[in-house]
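I have placed the structure first, in the form of structure tokens, so that the comments after it can refer back to it.
The values are calculated or read from the model by the stated rules, or taken from the named source; none is laboratory data. Since we're looking at a predicted model, the values are computed, not measured. In this analysis, Cβ positions are derived from the backbone assuming ideal geometry, glycine residues included, and neighbour counts consider all displayed protein chains.
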Amino acid sequence: MSTPLEGIRVLDLTNVLAGPFCCHHLAHLGAEVIKVEAAGRGDLARKLGADPDLNDKGMGVSFLAQNAGKKSVTVNLKHPKGKELFLRLVKTADVLVENFRPGVMDRLGAGYDTLKTQNPRLIYCAISGFGQDGPWVHRPAYDQIIQGASGVMSITGDKDSAPLRVGYPVADTVGGITAAFAISAALNASPRGSFIDVSMLESVLATMGWVVSNYLNAGVEPAANGNENVTSAPSGAFEAGHGLLNIAANKDEQWVLLTDHLGLSELRERPDYATREDRKRNRLALKADLETVLKTRPARDWAKELNRIGVPSGAVLTVPEVLEMPQVADRGFLGTYKNVPGVGRDITVTRTGVKLDGKAPEVDAPPPLLGEHNHEIWCDLGVSEAELKALREDGAL
């Protein structure tokens, strides 16, 4: 079966997470992704992760997470021969993705204005913290910086713990996904050839639509509400036996089903809980009343029963717990690669959150060694074995 991006060549000049995550999706959708890495150094993520031994080998766990299926070449863009070789590669590409600070590629003589003269059909995607212009354009941007600047931290946690960082690099991943869908759209344009400016800050704010709209259109300043969903009640995380239980009884009929199942139908007679707005105003007292019963049994048992009767529920799981669940483990979401070069053992990494015609998109190859595909890619451009050796010795590769 053909894949959506089959025949598309992507040059991935990115580092660490936002850009590599973007190209991770493009690779799984069938694009040939060539990771163009700095000679002798490579993607910084090669040195990052919880396994120091792999960091020393240049195959850090953080790198493994989003680089399966890509090819790796090295080049020194500061070397005239390296830049010349890179421009030859650009002529063969459909897409280029970079996440340097604005202006860096221009200073290297490889910015969009230069590259479009070599390849007018090139889709050039620049991912940065704050976009390619504006007062903050030259600020350094890491995930936590964007989380703080976007307001995400101000609404994460509760009144005692906020502002609080989200527990994974949400700004990097949202920025990467935003770039991937923008590139996919640009590939459908006719004629092709465009410059895509992805701001991680704006990408994150775009996902906060409800919060932003409540402020702009209803004058409600966003606040940190912890595990409470303030749009309804009872809706949030409740203490049960052996862990927390999420319940979203957002409809009146669900409120009735919930209280009947818990043997607490008398709660519906209390004036404080008579309407949805009453329950929202008195949510903490209501939470305590429900927990008198919920604490008597395990969260997972309650979740099965409540879902069965039409009350949306779910136990709060750890990452190891959810990865073991058949819902994840049996749907092709995880990919395992055997005896990966540079790692010396099997690795398992995530794929994407989509299925195409019932099948999870996958890539055949594990994350590449630094420069693993130099011979394949550069020789395909007409570079001879002798020239390749000379370029390497000269510091161009």
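Within the span defined as the range 207-217, every residue fails to be closer than 30 Å to GLN66 by Cα, free of Cβ contacts under 8 Å to residues at least 24 places away in the same chain and either surrounded by 17 or more Cβ atoms within 10 Å (Cβ to Cβ) or of a type in the set (Ser, Thr, Tyr) (or both). With the structure loaded, tell me whether GLY82 is more than 20 Å from ARG101 (Cα to Cα) and in a loop (DSSP other than H, G, I, E, B) or whether it fails that test. So GLY82 does not fit the description; no. Residues of the range 334-343 include none that is out of contact with any Pro (no Cβ under 8 Å at 6 or more places or on another chain), under 24 Å from GLY243 (Cβ atoms) and not aliphatic (A, V, I, L, M).
Counted as qualifying within the range 1-66 are the helices (runs of 4 or more DSSP H) with 3 or more residues that are closer than 21 Å to GLY353 by Cβ, namely 18-28, 61-64. Take LEU96 and decide whether it is in contact (Cβ under 8 Å) with a residue 40 or more places away in the chain and over 22 Å from LEU17 (Cα atoms). No. When we screen PHE63, PHE86 for residues that are within 16 Å of GLY371 (Cβ to Cβ) and in contact with a helix residue (DSSP H, G or I) (Cβ under 6 Å, 6 or more places away or on another chain), the only hit is PHE63. When you check LEU96 against the structure, is it in contact with a Cys (Cβ under 8 Å, 6 or more places away or on another chain), surrounded by 18 or more Cβ atoms within 10 Å (Cβ to Cβ) and assigned by TED's automatic domain parsing to the domain that holds ALA189, yes or no? For LEU96, the condition - in contact with a Cys (Cβ under 8 Å, 6 or more places away or on another chain), surrounded by 18 or more Cβ atoms within 10 Å (Cβ to Cβ) and assigned by TED's automatic domain parsing to the domain that holds ALA189 - is met. Suppose the filter is modelled with pLDDT under 95, small (Gly, Ala, Ser) and surrounded by 14 or more Cβ atoms within 10 Å (Cβ to Cβ); does ALA365 pass it? No: the conditions fail for ALA365.
Just one of (1) at pLDDT below 95; (2) farther than 21 Å from VAL33 by Cα; (3) of a type outside the set (Ser, Thr, Tyr) fails for LEU397. It is (2). Listed by first and then second residue, the pairs with beta-carbon distance under 8 Å, at least 6 apart or on different chains, first residue in the range 136-151 and farther than 13 Å from GLU202 by Cβ, second among the β-branched types (Val, Ile, Thr) and in a helix (DSSP H, G or I), are ARG139/ILE145; ASP143/VAL170; GLN147/VAL170; GLN147/VAL204.
Among the residues of this structure, VAL137 counts as one that is β-branched (Val, Ile, Thr), out of contact with any helix residue (DSSP H, G or I) (no Cβ under 8 Å at 6 or more places or on another chain), part of a loop (DSSP other than H, G, I, E, B) and farther than 22 Å from ALA45 by Cβ. Of all the listed residues (ARG297, ARG308), the sole one being outside the structural domain of SER72 (by TED's automatic domain parsing), surrounded by fewer than 14 Cβ atoms within 10 Å (Cβ to Cβ) and on the phi < 0 side of the Ramachandran plot is ARG308. Consider THR92 carefully, then state whether it is of a type in the set (Val, Ile, Thr) and part of a helix (DSSP H, G or I). For THR92, the condition - of a type in the set (Val, Ile, Thr) and part of a helix (DSSP H, G or I) - is not met.
Total residues in the range 269-282 satisfying the condition of being within 37 Å of the chain's Cα centre (by Cα) and part of a loop (DSSP other than H, G, I, E, B): the figure is 1.
On the given criteria, is VAL61 farther than 16 Å from PRO20 by Cα, modelled with pLDDT of 95 or more and among the β-branched types (Val, Ile, Thr)? No: the conditions fail for VAL61. Look at (1) farther than 14 Å from PRO367 by Cα; (2) in contact with a Phe, Trp or Tyr (Cβ under 8 Å, 6 or more places away or on another chain) and you find that ASP43 fails only one, number (1). Could you look through the range 218-243, keep only residues that are among the aliphatic types (A, V, I, L, M) and in contact (Cβ under 8 Å) with a residue 12 or more places away in the chain, and pick out the one that is nearest to ARG276 (Cα to Cα)? In this case the residue turns out to be ALA233. Taking the conditions (1) within 27 Å of LEU391 (Cα to Cα); (2) buried (at least 24 other Cβ atoms within 10 Å of the Cβ) in turn, LEU89 satisfies each one other than (2).
Here ALA45 qualifies as in the same structural domain as PRO368 (by TED's automatic domain parsing), more than 18 Å from LEU96 (Cβ to Cβ) and buried (at least 20 other Cβ atoms within 10 Å of the Cβ).
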